[in-house]
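**Student:** Okay, here's the structure, questions in a sec.
The values are calculated or read from the model by the stated rules, or taken from the named source; none is laboratory data. Keep in mind that this is a model prediction, so the values were computed, not measured. Glycine also receives a Cβ, built like all others from the backbone with ideal geometry; neighbour counts cover every protein chain displayed.
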Amino acid sequence: MATTENQITQTYASEDAQQILQLAIARREETGEMSRTQLFEVASELGISPADIQAAEMEWMTHRGEFQEKNVFNTYRRSKLQQNLVKYGIVNTFLVLLNLASNHELSWSLYILLGWGLGLSLSAWNTYQSEGEEYEQAFQKWRLKKQVGQSLGTAAVKFRNWLQS
């Protein structure tokens, strides 16, 4: 009787309830996919009106492209960080070995190692921050740069086609 009473009185935060429902839906569907009809059936069982689920579906469709674009942006930022880490490792290994070979101690290379490491640490911190105003500004800047690059590429192709005709 005590477990039934605990189940009845226990409440969940909205985000927790969403996560539990997502897990339950994922277990229900072995393929990981759900038809639109099934989506409306689940919503009906949960007491969600068809109008609300349609509005949520429309909102999801409008934001889906931006979510995908942000995933590409995050992957791009992480790959740039990884490239910088490799450069840091190669250059600083060389400098430390050069310093050790010439002076038989770590002196001037340590300042470069620590200074560059601090900058790289701050860069890593920014790379893994995916919320906030700075992130949004960086995303918008990257998106604009990508769009301008695509526009210039399209203009170059049209110009080349025009020259060939």
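**Student:** In region 31-55, what residues are among the charged types (D, E, K, R) and within 30 Å of the chain's Cα centre (by Cα)?
**Tutor:** Residues of region 31-55 that are among the charged types (D, E, K, R), as a first pass: 33, 36, 41, 45, 52.
Answer for region 31-55, where residues must be among the charged types (D, E, K, R) and within 30 Å of the chain's Cα centre (by Cα): GLU33, ARG36, ASP52.
**Student:** Right, here's the next one. For region 56-91, how many residues are within 30 Å of SER35 (Cβ to Cβ), of a type in the set (Val, Ile, Thr) and more than 13 Å from the chain's Cα centre (by Cα)?
**Tutor:** So the count comes out to 1.
**Student:** Related question: State the number of residues belonging to region 81-103 that are over 30 Å from ALA138 (Cα atoms), of a type outside the set (S, T, N, Q) and surrounded by 13 or more Cβ atoms within 10 Å (Cβ to Cβ).
**Tutor:** The first filter runs over region 81-103 and keeps only residues over 30 Å from ALA138 (Cα atoms), leaving 93-103.
From what is left, the residues that are of a type outside the set (S, T, N, Q) are 94-98, 100-101.
Those still in the list that are surrounded by 13 or more Cβ atoms within 10 Å (Cβ to Cβ) too: 95-96, 100.
The qualifying residues number 3.
**Student:** Quick check, is GLY132 of a type in the set (Gly, Ala, Ser), free of Cβ contacts under 8 Å to residues at least 40 places away in the same chain and more than 19 Å from GLN68 (Cα to Cα)? Please lay out each step first, then the result.
**Tutor:** Values: of a type in the set (Gly, Ala, Ser): yes; free of Cβ contacts under 8 Å to residues at least 40 places away in the same chain: yes; more than 19 Å from GLN68 (Cα to Cα): no.
In short, no.
**Student:** Of the residues ASN84, ASN99, only one is closer than 24 Å to TYR128 by Cβ, in a helix (DSSP H, G or I) and at pLDDT 90 or above; which?
**Tutor:** Numbers: ASN99 fails: closer than 24 Å to TYR128 by Cβ.
The unique qualifying residue is ASN84.
**Student:** Applying the selection to region 44-84, what residues are of a type in the set (A, V, I, L, M) and in contact with a Ser or Thr (Cβ under 8 Å, 6 or more places away or on another chain)? Talk me through it step by step, then tell me what you get.
**Tutor:** Of all residues in region 44-84, those of a type in the set (A, V, I, L, M) come to 46, 48, 51, 53, 55-56, 58, 61, 72, 81.
Correct list: LEU81 only.
**Student:** Which of the residues that make up region 109-160 are surrounded by 12 or more Cβ atoms within 10 Å (Cβ to Cβ), β-branched (Val, Ile, Thr) and more than 14 Å from the chain's Cα centre (by Cα)?
**Tutor:** Residue satisfying the conditions is ILE112 alone.
**Student:** State the number of residues belonging to region 55-73 that are surrounded by 11 or more Cβ atoms within 10 Å (Cβ to Cβ) and over 17 Å from GLN147 (Cα atoms).
**Tutor:** The number of residues fulfilling the criteria is 4.
**Student:** Select from region 25-43 the residues that are modelled with pLDDT of 70 or more, in a loop (DSSP other than H, G, I, E, B) and either of a type outside the set (Gly, Ala, Ser) or within 10 Å of ILE53 (Cβ to Cβ) (or both) and list them in ascending order.
**Tutor:** Those that are modelled with pLDDT of 70 or more, in a loop (DSSP other than H, G, I, E, B) and either of a type outside the set (Gly, Ala, Ser) or within 10 Å of ILE53 (Cβ to Cβ) (or both): GLU33, MET34.
**Student:** Which of (1) of a type in the set (A, V, I, L, M, F, W, C); (2) under 30 Å from GLU66 (Cβ atoms); (3) surrounded by 12 or more Cβ atoms within 10 Å (Cβ to Cβ); (4) at pLDDT below 95 does LEU106 not meet, given it meets every other one?
**Tutor:** (2)
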